[in-house]
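The next block holds one structure in the form of structure tokens; read it before the comments.
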Amino acid sequence: MLPLLQLGKSSLAAQAFVKGLIQGAIYAGIVIALLFLCLLPLIVKHIRKKQAKNAAAIRAKSSKVRASRELEMSLKPEEPGKPVVATFSESRILEKQDKRAS
């Protein structure tokens, strides 16, 4: 064992120092744990905000890409020989197919 921790041979000042050192380490651990627990909700909030911003940016980017694709599709001519205007029943069938696809 360390000579400082032996009760019979060490001085009273050394014993008090070691006791205070151990007590300070324990209290420091408690304080750090409490600070971490108090700051944890703020850390989680910050991380969730970051994730929400990233998700919003991705959604905005994908909606722009989708809108440009739809614009391209609307500007492309139909197959030759097929009428551009569809009858009412054909348009309803196409709408149902579009809903199922998305």
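The values are calculated or read from the model by the stated rules, or taken from the named source; none is laboratory data. Everything quoted here is computed from the prediction, not taken from an experiment. For neighbour counting, all protein chains shown are included, and Cβ atoms are generated from backbone atoms with ideal geometry for every residue, glycine included. For accessibility, only protein heavy atoms count, side chains too; no ligands or nucleic acids. Shrake-Rupley method; radii C 1.70, N 1.55, O 1.52, S 1.80 Å.
Residue by residue, here is whether (1) at pLDDT 85 or above; (2) basic (K, R); (3) surrounded by fewer than 10 Cβ atoms within 10 Å (Cβ to Cβ) holds:
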{"position": "K9", "(1), (2), (3)": "no, yes, yes"}
{"position": "Q23", "(1), (2), (3)": "yes, no, no"}
{"position": "I43", "(1), (2), (3)": "yes, no, no"}
{"position": "A56", "(1), (2), (3)": "yes, no, no"}
{"position": "S63", "(1), (2), (3)": "no, no, no"}
{"position": "S68", "(1), (2), (3)": "no, no, no"}
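Of all residues in segment 72-102, those satisfying the criterion of being at pLDDT below 65, open to solvent by less than 100 Å² (accessible area, probe 1.4 Å) and either part of a helix (DSSP H, G or I) or among the hydrophobic types (A, V, I, L, M, F, W, C) (or both) are S74, A86.
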